[in-house]
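The values are calculated or read from the model by the stated rules, or taken from the named source; none is laboratory data. None of the values given here were measured: they were computed from a predicted structure. A quick note on method: Cβ atoms are made from the backbone with ideal geometry, for glycine too, and the neighbour counts reach across all protein chains shown.
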Amino acid sequence: MNRKFDYGGQAVIEGVMMRGINGYAIAVRKQDGSIELFKQRFLPITRKFPFLNIPFLRGTFVLLDSLLVGIKSLMYSADVVEGNEQSKDNSVKNLLFMYASITISVAFAVLLFFVLPTYASSFLKGAVRSYIGLNAIEGMLRVLIFLAYLSLISLMKDIQRVFEYHGAEHKVIHCFEHDQELTVENARKYSTLHPRCGTNFLFIVMIVSIIVFSLFQWPSLKDRIVLRIILLPVVAGISYEFIKLAGRSENRFIKVLTYLGLYLQRFTTREPDDSQLEVAICSLKGVLDEGKTIECP
């Protein structure tokens, strides 16, 4: 087992996807109670093209890879739960739907977390003369919208199930990183919060965007929106490097930001039951034991 590689994943519908060195595995609880495990080889773009794997550039490509695998995993899990086997192939229809989903997801995120805050803060331009102050207000609005969004979706019953699997994913990763045998009993005792979680990344993106955008003047609304979209890869690149640094740094400031990100995970994780831990364990074993047949409960 490779302890140097940062294993991780995401919750899907009634299941967990885990990413490994050479691919990913999706474990889904079927309606009959059994667990279906699907393993797929996947080489990140930063390994296909090593020149992209340089600090501050790689973050954007890692994020795009994560979106690609994440949406594909969600589509697969939805089909398994519904008893539909079509998602296992790479038909043109499935690929078009997947890329359309990615486009819509990115567009929605940009509109909600970047266009809306800069539009709303523009009404304060007459009262706040400093462009740094206006950028700071925009950033605070972005954080508030993000918190409101998390609060609203956490009220949905189906999303609560996903958050429970999210908690299961974190517990099992903790168990593995503490060199414990991957059992329900061992995983149960660990926290549902994890410093490398995507929620942490999104929080850091919010903070970094405040700093980066504050370096620029306050032009017209159209120019501000275009500027923010252009700067998104810069923000993503800095945020990704921060998350990597936070995992091994003892700096007090970094620890404070990491703690705030962990606090936000209380919105996106729930305590899982034993059956959900079984699914997460099965998924992680799927990427740890490549090429082997994994027997899930």
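Checking each residue in the range 193-206 for being at pLDDT 90 or above and over 19 Å from residue 67 (Cα atoms) picks out 193, 194. In this structure, does residue 196 turn out to be farther than 16 Å from residue 10 by Cβ, in contact with a helix residue (DSSP H, G or I) (Cβ under 8 Å, 6 or more places away or on another chain) and crowded, with 16+ Cβ neighbours inside 10 Å? No. Only residues in the range 256-285 that are aromatic (Phe, Trp, Tyr) count as the first member; pair them with residues that are part of a helix (DSSP H, G or I), Cβ under 8 angstrom, at least 6 apart or cross-chain, and list the lot. So the pair list comes out as 267/147; 267/150; 267/151; 267/199.
Considering the range 252-272, the residues that are in a helix (DSSP H, G or I) and among the charged types (D, E, K, R) include one that is farthest from the chain's Cα centre (by Cα), namely 252. Counting the residues of the range 38-70 that are crowded, with 17+ Cβ neighbours inside 10 Å, part of a helix (DSSP H, G or I) and of a type in the set (D, E, K, R) gives 2. In the condition set (1) part of a helix (DSSP H, G or I); (2) closer than 30 Å to residue 274 by Cβ; (3) touching a residue at least 12 places away in the same chain (Cβ under 8 Å), residue 191 is compliant with all but (1).
Per-residue answers, yes or no, for (1) under 29 Å from residue 245 (Cα atoms); (2) more than 20 Å from the chain's Cα centre (by Cα):
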site: 13; (1), (2): no, no
site: 23; (1), (2): yes, no
site: 26; (1), (2): yes, no
site: 37; (1), (2): no, yes
site: 57; (1), (2): yes, no
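Every residue, every condition in (1) under 19 Å from the mean Cα position of the chain (by Cα); (2) over 29 Å from residue 284 (Cβ atoms), yes or no:
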{"residue": "108", "(1), (2)": "yes, yes"}
{"residue": "127", "(1), (2)": "no, yes"}
{"residue": "142", "(1), (2)": "yes, yes"}
{"residue": "147", "(1), (2)": "yes, yes"}
{"residue": "152", "(1), (2)": "yes, yes"}
{"residue": "160", "(1), (2)": "yes, no"}
{"residue": "164", "(1), (2)": "yes, no"}
{"residue": "185", "(1), (2)": "no, no"}
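Quick grid of which residues meet (1) at pLDDT below 90; (2) under 17 Å from the mean Cα position of the chain (by Cα); (3) closer than 29 Å to residue 140 by Cα:
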{"site": "18", "(1), (2), (3)": "no, yes, no"}
{"site": "54", "(1), (2), (3)": "no, no, no"}
{"site": "62", "(1), (2), (3)": "no, yes, yes"}
{"site": "94", "(1), (2), (3)": "yes, no, no"}
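Residue 167 satisfies every condition listed in (1) at pLDDT 90 or above; (2) over 22 Å from residue 14 (Cβ atoms); (3) buried (at least 16 other Cβ atoms within 10 Å of the Cβ) except (2).
Selection within the range 223-251: residues that are assigned to a loop (DSSP other than H, G, I, E, B) and under 25 Å from residue 172 (Cβ atoms). The member of this set that is farthest from the chain's Cα centre (by Cα) is 249. For the range 211-222, the candidate set comprises residues that are modelled with pLDDT under 90 and not in a loop (DSSP other than H, G, I, E, B); within that set, the residue that is farthest from residue 121 (Cα to Cα) is 222.
Here residue 80 meets each of (1) buried (at least 22 other Cβ atoms within 10 Å of the Cβ); (2) within 19 Å of the chain's Cα centre (by Cα); (3) over 30 Å from residue 179 (Cβ atoms) with one exception, condition (2).
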